[in-house]
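Notes follow once the structure below has been shown.
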Amino acid sequence: MLSLHSVHFDNRIPNWRSSLLLLSHNVLVLMIDGKVKYTINDRTVIGEKGELLFIPVNTLRAGENVEGEHQKITVLFYHGEEDSQELPIIGKSQFGKCKIRNFEYFKQRFEKLYLEMVGDGKFTRYFVNGILQELVGMAAREFELVEATPVKLKLANELQKYLVTHYRQPIHIDQLAALIHRSSNYTISMFREVMGVSPIQYVHLLRMKEACNLLTNTDLSVTEISNYLGYYDHSYFFRIFKKYTSVSPTVYRHSGSIPPSLPFY
């Protein structure tokens, strides 16, 4: 079973350096900005913005700034035997590095985990355990996926821009397929390969993010927010919101939780 050791946010620390250490835990690193040079079992590795690094337990690791300061969030965690069998990145016990596809979502989840750890909110243990499970699962999938071709990246970016602009409107797969002149099945599989989620799930992500913003920062009623986001069946909006955040819109508004935990992976 996965369990969290600690979370650290290195925010442009001058002369940052980590001495050589035999790790007693696994490490996930999200590079937010700048570069870091790691020594991994006598091998030199550079981590750059937008990359995810996995450093397994029992690794000899050291690190230092490269070309100035950097920003990164580091998650230290333990795993059990069952995790080794189900998660290849843990079972192989090898260092890994990849350019992640949905950087903003990864960044959001890493930041949420860090904020929960440094805060003293209620039910923190439940939040951090859930986010840790999600992050490790997401990382496992990222390391398994083959890098998307330039054509697929271009098509997915076209769809992403369209969805960001029209997320409050009804979205149909055949409509999206027509935009890129591909079949519906290809559109769904291509978008999922590049973005990690289906187009419809991506729309729900955008809507839930805006719902949380409106619940926190406006006096709009839950019904008004549901209508604004295109959920004219209000009971459906309640179900979707609770599915993606684990709480109802009313509980979320009173708790002030940010941001939602979205189980896309």
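The values are calculated or read from the model by the stated rules, or taken from the named source; none is laboratory data. All of these numbers come straight from a predicted model, not from anything done at the bench. Here Cβ is always computed from backbone atoms with ideal geometry, including for glycine, and neighbour counts include all displayed protein chains. Just the protein is used for accessible areas: all its heavy atoms, side chains included, with ligands, DNA and RNA removed. Shrake-Rupley method; radii C 1.70, N 1.55, O 1.52, S 1.80 Å.
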- Item | Test result for R168, open to solvent by 70 Å² or more (accessible area, probe 1.4 Å), modelled with pLDDT under 90 and more than 30 Å from D120 (Cα to Cα) | no
- Query: Can you name every residue in segment 49-74 that is more than 9 Å from L30 (Cβ to Cβ) and of a type in the set (K, R)?
  - Reply: K49, R61
- Query: How many residues are touching a helix residue (DSSP H, G or I) at 6+ places or on another chain (Cβ under 8 Å) and either loosely packed, with under 14 Cβ neighbours inside 10 Å or farther than 20 Å from R12 by Cβ (or both) if we restrict to segment 74-92?
  - Reply: 10
- Task: May I ask you to list the residues in segment 46-68 that are in contact (Cβ under 8 Å) with a residue 40 or more places away in the chain, out of contact with any Gly (no Cβ under 6 Å at 6 or more places or on another chain) and crowded, with 17+ Cβ neighbours inside 10 Å?
- Result: G47, E51, L52, I55, R61, G63, N65
- So which residues in segment 157-183 are among the polar types (S, T, N, Q) and more than 16 Å from L206 (Cα to Cα)? Q175, S183
- Query: Among A139, A156, A177, which is the only one that is open to solvent by less than 70 Å² (accessible area, probe 1.4 Å) and modelled with pLDDT under 90?
  - Reply: A156
- For Q71: the one exception among (1) surrounded by fewer than 20 Cβ atoms within 10 Å (Cβ to Cβ); (2) part of a loop (DSSP other than H, G, I, E, B); (3) on the phi < 0 side of the Ramachandran plot: (2)
